[in-house]
Amino acid sequence: MEYLGENLLHGIACTMEKFTTSESELAKYIIENPDEISQMSINQIAKKIHISPATITRFCQKISFTGFNEFKHELKRYIDLTNKPTVSSDIKEIASGNE
């Protein structure tokens, strides 16, 4: 699978049919809760979703990351990228509204 970058969550959603049942549960949870996942450790996620840390590692490798740490780093980057345009457009709207 190619590097997902700015389309990380969309890429995960499009790959669902390649995942095992446990990986699919993880994928759904990531898509629905990216902010939460980006703040959790692999063991916290495993406990919350009732899967093993090894399943999380395999999932990350299946979507072309070396492991969970690299995935988590990219997820944080993805969240930052998706939040930036919203903030700047809000600023523009406020600035143009005051003129």
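The numbers here are math on the coordinates, done by the rules we state, and not lab data. All values reported here derive from a predicted model rather than from experimental measurement. Backbone-built Cβ (ideal geometry, glycine too); neighbour counts: all protein chains shown.
With each label modelled as a point 7 angstrom along the Cα→C-beta vector, the ASN83-SER52 pair spans 3.4 nm. Taken one residue at a time, the phi angles of region 48-53 give Karplus couplings (6.51, -1.76, 1.60, θ = phi - 60°) of 5, 9, 6, 10, 8, x Hz. Gly and Pro are set to x.
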